[in-house]
Amino acid sequence: MTTTYAVTGAGPVGSTVAILLADQGHQVRLLTRSGSGPEHPLIERRKADASDPAQLADAFDGVSAVFHCIHGSAYTAKTWQAELPRAERTVLDAAAEAGAVVVFPESLYSYSEPDRAMSESSPREASGGKRGVRTALLKARQAHKADTVSVVAGDFFGPRVRGAHAGERMVPVLLKGKSLQVIGRADQPHSFTYVPDLAAAMVKAAQTPELWNSVLHAPTGPALSQQELATAFTTAAGLPTVKLGTIPGWLLKVLGLASTDMRELAETLYQFERPFAMDSSASQAKLGLAPTPLPEAAAATVAWWRRQDA
């Protein structure tokens, strides 16, 4: 049966969700300020401001679910605090009026015991900076009258992923055979989520009412060091392994004294200087999904980047 869904944002998550829904035969309203997004016969690309209640009321009319995939305009706690709570509240209000569940992609930032394997039942009480913003957003969703699902993922990789540690900072550099430096340590286990697996989990959660009003984990394979992930990409590309260099934490903090970008990046050093791993086994069982095998995911990622250069 054909269902109508709304997706806000056409970044890597929003675009991947929209295409997956359309490939399932559903009608998709993809909302961006510019009217951008992937082309598909079942995807209607609309120019819409997700902070405008009137525009959302029209866009959400008759939809079964809303996938809210818009992020902050800058990677700073100040920007997140200024933009995200207000935007989410507007979307939640409009979705509640439309009777639609809202599905959010979520990060691991709110977990307050990151030195332990983070499961769905782990405490999410982190405070301060960007971590505190994510904690507050989760609490606001829980308190709102709208039905919601938050699907937590690790750092992204995969087709369409550019602005990420395993995006344009890593894959195209490796494909050119260049040396590469990563933050923190290259040998510590870290959870990376393949974006198509996140999208699949979000769609399945929206279509499964018994999973609403919960926090789930996207299917994510065993934690990998940055070196192991880079090697998976070079292997998929048929290239020699590149040994990664590192930017030590102390240097990143010094650079942060003069650079906002470096200062905001330094806030996440704890994720790369020691193990930072999520456990998605409980959610995989509920969703009936599993992570894409790493060789397959790495091959698809490499193929996408090569098409960008073709």
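The numbers here are math on the coordinates, done by the rules we state, and not lab data. Just so we're clear, the structure is a prediction, and the values are computed from it rather than from any experiment. For neighbour counting, all protein chains shown are included, and Cβ atoms are generated from backbone atoms with ideal geometry for every residue, glycine included.
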Under 20 Å Cα to Cα from residue 78, which lysines show up? Leave out anything in the same chain fewer than 8 places away. 130, 139, 253
Under 5 Å from the placed amide H of residue 118, counting only residues 5+ away or on other chains, we find 277, 278, 279
Relative contact order of segment 169-263, pairs being alpha-carbon contacts under 8 Å that are 6 or more residues apart, as %: 40
Counting only other residues whose beta carbon sits under 15 Å from that of residue 118, what net charge do I get with K and R as +1, D and E as -1? -2
Percent of all Cα-Cα pairs per 20 Å bin for the chain, counting from 0 up to the last occupied bin, reads 33, 60, 7
Tally Lys/Arg at +1 and Asp/Glu at -1 over every other residue whose Cβ is under 13 Å from the Cβ of residue 286; what's the total? -1
With just the Cα atoms defining each centre, how far is segment 29-50 from segment 273-310? Give it in Å. 26
Could the peptides 184-191, 41-48 be put in order, highest first, of the mean number of other beta-carbon atoms found within 10 Å of their residues? 184-191, 41-48
Quick note, segment 1-143: a/c under 1.5 would make it rounded; otherwise a/b > b/c is prolate and the rest oblate (a ≥ b ≥ c, C-alpha gyration tensor); here it is prolate
Fully extended, how many nm does the chain gain between residue 308 and residue 81 (0.36 nm per residue separation, minus their Cα-Cα distance)? 78.3 nm
Just to confirm my numbers, what's the Cα centroid distance between segment 91-151 and segment 158-237 in Å? 20
The chain, helix-only ellipticity at 222 nm - DSSP H runs n ≥ 4, -39,500 (n - 2.57), divided by all residues, nearest 500: -12500 deg cm²/dmol
Zone residues, segment 89-104, relative to residue 214, backbone N less than 20 Å from point 7 Å out along Cα-to-Cβ: 100-104
